[in-house]
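Colleague: Dropping a structure here in structure tokens format, bear with me for questions.
The values are calculated or read from the model by the stated rules, or taken from the named source; none is laboratory data. If you're wondering where the values come from, they're calculated on a predicted model, not measured in any experiment. Glycine also receives a Cβ, built like all others from the backbone with ideal geometry; neighbour counts cover every protein chain displayed. All accessible areas refer to the heavy atoms of the entire protein, side chains included, with ligands and DNA or RNA removed. Shrake-Rupley method; radii C 1.70, N 1.55, O 1.52, S 1.80 Å.
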Amino acid sequence: MANESVGLLFKLYCLVVMTMVAAAYTVALRFTRTVSADLYFSTTAVCLAEVIKLFLSVGMLARETGSLGKLKASVDEHIFHSPKELLKLSVPSLVYAIQNNMAFIALSNLDAAVYQVTYQLKIPCTALCTVLMLNRSLSRLQWLSVFMLCGGVTLVQWTPAESTKVQVEQSPMMGFAAIAVAVLCSGFAGVYFEKVLKSSDTSLWVRNIQMYLSGIAVTLCGVYLTDGVQVMEKGFFFGYTPWVCFVVLLASVGGLYTSVVVKYTDNIMKGFSAAAAIVLSTIASVTMFGLQITVTFASGALLVCVSIYLYGLPKQDTTRITKTDPDKDVKLKLIGV
């Protein structure tokens, strides 16, 4: 399955959908957290998204297996008779739950465009986790792009952009702290899940079901511990509007769609998608929230977009080098050339 060849048209479709989902999710979530109406409980939205992901994953597994009998056999084998696997997948479930809740906190305090740019710090975090957990290496160009990205994010945060149409009280420091936690969670959970996926031939959708079952349990605990009293008093769906439902749907579809994108596209296309999402989020923020673009923000955003593109470029081919110095070869391996 991993080596399936797909056409350019399908890859472009993946690119467009991933870009639109990423941009729409941040803008819509930001909108729902800055309205003056009764504010919904973010913990319930995260929990509901996990439930929808579970049902969608079961549907995809049914399509993959081809019959209800095979679906039932697969669920019995990998879910009901594999408690160790469920426990193993509870680790990324917990980390992803923290990450998703941090996104709500961050977008309650930061503009969507600022969030999109700063959240790209997940790239160096993921790179570090990949090196440590999967024993991979990075090229010189990738290390350069990582430092460029950090510099770009620093510029964006140097003089925080302000939204003139947002009247709710905000705490930029709290927003940035939430992004920092989300970035760490994203890097670790993504690499951990990849390691679990590649450690066996178990279907991606089976792994997703295992993870989302644990995720529902984890997020329900989060609802009880964080907003339990208020949820019992006001109801699970208090404050839900069509926009909130749209955010939950985007979170659900986006989570599953990322798996498809990782499987069928490459780093360059994902880099273009991230850069395009930043541009779209910025345009939407200027229009909807009155974001004031500063020189430092524009420079930082441009630097981040360039670094994302450079990070996704293929490593240099060194297979034709015939004579190497042993000491030099060791140094090259350390930096992944």
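Colleague: Return yes or no: is S214 of a type outside the set (A, V, I, L, M) and at pLDDT 90 or above?
Modeller: yes
Colleague: Kindly check whether there is at least one residue in segment 61-76 that is assigned to a helix (DSSP H, G or I), touching a residue at least 40 places away in the same chain (Cβ under 8 Å) and closer than 30 Å to D227 by Cα.
Modeller: No, segment 61-76 contains no residue that is assigned to a helix (DSSP H, G or I), touching a residue at least 40 places away in the same chain (Cβ under 8 Å) and closer than 30 Å to D227 by Cα.
Colleague: Quick check on my filter: what residues within segment 191-240 are open to solvent by less than 60 Å² (accessible area, probe 1.4 Å), among the aromatic types (F, W, Y) and either under 17 Å from I98 (Cα atoms) or without any contact (Cβ under 8 Å) to a residue 40 or more places away in the chain (or both)?
Modeller: Y192, F193, Y212
Colleague: Do we find a residue being crowded, with 17+ Cβ neighbours inside 10 Å and of a type in the set (S, T, Y) anywhere in segment 71-78?
Modeller: Within segment 71-78, one or more residues are crowded, with 17+ Cβ neighbours inside 10 Å and of a type in the set (S, T, Y).
Colleague: Going through L29, L86 one at a time, which residue ends up being surrounded by 18 or more Cβ atoms within 10 Å (Cβ to Cβ), modelled with pLDDT of 90 or more and either part of a helix (DSSP H, G or I) or of a type in the set (V, I, T) (or both)?
Modeller: L29
Colleague: Moving to a separate point now. Kindly list the number of the only condition in (1) open to solvent by 50 Å² or more (accessible area, probe 1.4 Å); (2) touching a Gly at 6+ places or on another chain (Cβ under 7 Å); (3) at pLDDT below 85 that fails for L138.
Modeller: The number of the failed condition is (1).
Colleague: Follow-up. Just checking, does segment 95-106 include any residue being touching a Phe, Trp or Tyr at 6+ places or on another chain (Cβ under 7 Å), part of a helix (DSSP H, G or I) and at pLDDT 90 or above?
Modeller: Yes, that holds for at least one residue.
Colleague: Further, regarding this structure: Within the set of pairs 6 or more residues apart or between chains, which connect a residue that is surrounded by fewer than 16 Cβ atoms within 10 Å (Cβ to Cβ) inside segment 282-295 to a residue that is not in a loop (DSSP other than H, G, I, E, B) with Cβ atoms less than 8 Å apart?
Modeller: Every condition considered, the pairs that remain are G290/S163; Q292/S163; I293/T282; I293/V286.
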